[in-house]
Structures are given as structure tokens and as C-alpha cells.
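In what follows, a structure is listed as C-alpha cells, so that the remarks can point back to it.
The values are calculated or read from the model by the stated rules, or taken from the named source; none is laboratory data. Quantities reported herein were computed from a predicted structural model and do not represent experimental measurements. Note that each Cβ is placed from the backbone with ideal geometry, even for glycine, and that neighbours are counted across all protein chains shown. With ligands, DNA and RNA removed, areas are computed over all heavy atoms of the protein, side chains included. Shrake-Rupley method; radii C 1.70, N 1.55, O 1.52, S 1.80 Å.
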Amino acid sequence: MDGNTIRILVAMIIYMAAVIVIGAVYAKRANKSSEAYFLGGRSLGPWVTAMSAEASDMSGWLLMGLPGVAYWCGLADAAWTAIGLAVGTYLNWLIVSKRLRRYSVRANNAITLPEFFSNRFRENKKTIMFIAAAFILIFFTVYAASCFVTCGKLFSTLFGTSYQTMMIVGAAFVLLYTLLGGFLAESVSDFMQAIVMIVALTIIVVLGIVNAGGISEVIANAKEIPGFLEFFGMATPSLDSNGQQIVEAGKPLFGSVSGYGLLTVCSTMAWGLGYFGMPQVLLRFMAIRKENELKRSRRIAVVWVIISLAVAVFIGIVGRQLFPTTHLTKPGAENIFITMSTSFLPPIFAGFVMAGILAATISSSDSYLLIAASAFSKNIFQGIFKKNATDKQVMMVSRITLLVLALIGIVIALDENSVIFQIVSFAWAGFGATFGPIMLFSLFWKRTNKAGAIAGMIGGGSMVFVWKLVISELGGVFAIYELLPAFIFSAICIVVVSLLTRKPSNEILEDFEAVRSGKIEA
């Protein structure tokens, strides 16, 4: 390990130490009760609510996955994904946040998403709670694995060590931090990490443009690549039998432009639908201290998202000019941010920028693990199997669950050729289709009943697997992002089953009207 690498490592250790200190400071408050541990006692301010929601949402995907897509195949796929996410972010904060904050209080002060759905429909047998918790366990384990892949790629690229070893080390750090501090510590550190992420992105894109000779040079280079700078066409790298891009005379080769029609645009923008079902974002709506502070949070969140997504996409475009033959595989392309950072910055500053990737990974994986653990310990263990469980027992089961989920995530992440963007897209579709439609219908359609909710969650969650693994293999129009058809199918299931079964009880309807009118303390 040379001197520059040691300086980078020192800077990252300083950052990680700061994160652990935050966990230690909030550990005492977090462990007062399960509500404090899982929802922070509904005490988040508008800035922490907004920034932590977006940091936990974006993960290492923002700094590695999205630039990697732009570097590999150009503007279209990355840009339409970013546009869909920006629109989805705005709509989620605009139409869901206030109603959910209010309804979660009305629903017997629900502190987890499965608990909210269960209390919303006043169920006794906790069927909805079990189904929701089960889907959270499945998809968040996959999500956590994507974060561990990010850790492995980051550290192995920086230090030239084994991917598997570095991935396990990163996972262990994330697990330690999550065990220590709970939701409040996670949210406060996510606020700091959101700042690190946007600063890191901005610094690297500016330095990249300068080293490329200016924006005009970047654009001119991109235009030379067939389909690279088009919104309705996509560049196609020419690959050899090993999946590596072919290089001739020092230039990477590209094939003919791939079509990118209206259906593909709609499919890609469907990423925005996922926000309506993202537990890590929805929990921030429930955790803010006052409902009237959500408007300020919305503005903060939307500005952060637009800037971060735009810069991340442009980093991939700039990187293709500066390092055209450095990353010749699709998984390798996701390291372009690391390459640019270590090339343009002094080692100590590069270390802090690398901490931006670590920040994104920590902020997401601790959210995923914590929510998944709460789904099992609070909603399955206490909610179904041991209803008289004490807070101490719930916390103990939660920590055991965290360990088990982390181990499963590590097993999933062992393959160093995993593509972060693809792992995240599947888990994102799972949450969006499972919880997105039922969240919207629960908040805004009073005829929604328990049977419809169950049908919608099972239908949407199952369709993600069916479409991804079976139907999409047919190709053509069926090769669209699985979130779009699964979201639509879930919505149809909710409407049809709700209309064919018994109307909600008067108590459920009274809850709905009270929330809609705002005549409750929120």
C-alpha cells in the first residue's frame, strides 16, 4: 500500500469515526423504547427529514450505478431514469407525505409500514401485517446486498485487495453502526451523508469538465459515439466473447444505435412510481415532528434530488471522454466515479470524496437493515407470534434479525461481477409494486378494503418476479421494466377485489374521513 493509498484510507477512517460517534451519541435515546429505536420518537426536523430520506433512498447507486449507466451506454437510459425519479420524488412529497403522517397517528400511532397498513384496515388476524413484513424482508435483503457490492467494489478498487474480503468488511461496519444507534442516529448521520454526497458529486463533475477542456469538448466527444448523446437512441458497446468492450487503435468500439422508443421511455420513467412504496422514504414522512414542516422538507428534497441526479449522469458522460478505455465491462463501468476522484484530487481529499460513496452506502444499507429488522421483530414476532413481548425482547430479536439479514446479504453480494444498477432496479420494482398502489389507495380511496389490500400486495409483489424472470424473456414490448406492469396489475387487483368484497366497516370509514378532513392531532 503506497503513501497515496494510505492518505485516502486515513481520510475515510476519519469519516467513519465521525459516523460511529453519531451512533454512540444517539444510542442512549434510541434504546429507550422500540418506538424511539424504529421511528426516532417522531422528532425529526424538516432538514433532517428531507436530506435523510433522499440519502437513504439513493445509496451507492447514485455515485456508482447511475454514472456507470451513462458511461456505458450514454444519455438516454440514465437521463430518463433520473427524470422519472425527480418527478416521483416531487409527487410523493406533494400528495403522500402529509396524509401519511396524519394517518399513521390515527392508525393507533403506527411506527412501521406493515403496522400502518394493518391498523389502517383494523385487522385482527394480522394477515396484512405478515404479508407486508415478509415482502420487506425479501426485497430489503436484496437491497442491502447491493450496498455491500458497492463497499466491495469501492475498497477493492482503491486498495487492490480481494473484492469478497472488502465487501465483508464493509458489511460488518454497516451492521455495527445499525446495531448501535437505530433510526434517529441513522437519520442524523444520513443528513450529514447527503451533504457529503452532493458536495462530492459537484467537485468531481467540475474537475472532470476542466480536465476535459470544457463542456464543449465533452459534448463534441459524446456526439462522436453513435447514440451516446441521444434521448431516443442508445449507444451499444461492441463486446468480445468475454463481455469486454473491443478497443481498436486506442478507441472503444460501438455498434449501431439501439432504438429507444416511447414505450421504453415510459418504462424507464416508471422508476418514479417506486417512490410511493419505498419504506425508507415513507418512514421519514411518519417520523417528522410536525405535519406543517413537510412543505419545507419537500422543497429541500426536490432540489437535492434534481442537482444530484443531473450531476451523476453528467459524470458518466464526462468520464467516457477522459477514460474511454479504462472500464471495458458493464460492472467495471460503475467504478468511473472512483477513477475520476483518485485521478483529479490530492489523496487526502480523494479520501473524503470516496467517503461520499461510503456515505451513500451506509445511509441506505442501515435504513434497509433497520426497516427489515423492525418488520420481523415488531410486526411478525410481537405482532403475530408473541403479542405480549416486552420492548427488551423486541429489541433483542431485532438485533438477531439484523445479523441474519446481513449474512444473507453478504452471500448474495459475493459475486464481484454483480451490477449495482440491476440489483437496485429489481428491489426498487419490488417495493414500488408491492406497496405503492396500496399506499395510494389506502390514503385516497375510502372503498379500499382488507381483501383488496391483500390482493394488491400479493399481486404486485408476485408480478415483479413473474415479469422479470418469465415474461420479459419474450423480448420486444415485454422487455419493459417490471415495475410498470406490476404496479398496474396491483392497482387493478385492489380495485376489482375491493369492489367484489364487503365494504369497509364504519370505523374504518370514520378514520378515513377524519384524516381527510384534518380533524386529528398530527
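Computed values, structure above
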{"read-out": "Portion, in percent, of the accessible area of the chain that falls on carbon or sulfur, probe 1.4 Å", "value": "65"}
{"read-out": "Distance between modelled label sites at ILE488 and ILE306, nm, 7 Å Cα→Cβ extension", "value": "3.0"}
{"read-out": "Sequence ranges 3-10, 320-327, ranked by mean other-Cβ count within 10 angstrom, highest first", "value": "320-327, 3-10"}
{"read-out": "Structure-derived percent of Cα pairs over 42 Å apart: which label, when the choices are [x] 16; [y] 21; [z] 27", "value": "[x]"}
{"read-out": "In Hz, Karplus ³J(HN,Hα) per residue of the stretch 88-100 (6.51, -1.76, 1.60; θ = phi - 60°; x = Gly, Pro)", "value": "x, 4, 4, 5, 5, 5, 6, 9, 9, 4, 5, 5, 5"}
{"read-out": "Residues of the stretch 226-323: accessible area per residue with a 1.4 Å probe, Å²", "value": "41"}
{"read-out": "Heavy-atom surface of the stretch 341-433, accessible at 1.4 Å and reported per residue (Å²)", "value": "34"}
{"read-out": "Net charge contributed by nearby residues that have their C-beta within less than 15 Å of TRP47 (K/R +1, D/E -1)", "value": "+4"}
{"read-out": "Burial ranking of peptide ranges 402-409, 332-339 (average Cβ count within 10 Å, highest at the top)", "value": "332-339, 402-409"}
{"read-out": "Reach of LYS450 by Cα under 18 Å, taken over aspartates and glutamates that are not fewer than 8 positions away in the same chain", "value": "GLU115, GLU123, GLU507, GLU510, ASP511, GLU513"}
{"read-out": "Inter-site label distance for GLU416 and SER517 at 7 Å from Cα along Cβ, in nm", "value": "6.4"}
{"read-out": "Amide H partners (placed H, <5 Å) of LEU239, local residues excluded", "value": "ILE246"}
{"read-out": "Extension gain (nm, one decimal) between ASN388 and ILE95, 0.36 nm per residue minus Cα-Cα", "value": "101.8 nm"}
{"read-out": "Estimated vicinal HN-Hα couplings, Hz - the stretch 70-79 in sequence order (Karplus 6.51, -1.76, 1.60; Gly, Pro = x)", "value": "5, 5, 6, 10, x, 6, 3, 4, 5, 5"}
{"read-out": "J(HN,Hα) series, the stretch 222-239, from Karplus relation 6.51 cos²θ - 1.76 cosθ + 1.60, nearest Hz, glycine and proline x", "value": "5, 5, 6, 8, x, x, 6, 10, 9, 8, 10, x, 9, 5, 10, x, 7, 10"}
{"read-out": "Segment ASN109-THR325, extension gain: residue separation times 0.36 nm, minus the distance between their alpha carbons", "value": "72.3 nm"}
{"read-out": "Förster radius 22 Å - calculated FRET efficiency between VAL247 and ILE6, Cβ distance, rounded to 0.05", "value": "0.10"}
{"read-out": "Local electrostatic count at GLY461 - Lys and Arg +1, Asp and Glu -1, tallied over other residues with Cβ under 12 Å", "value": "0"}
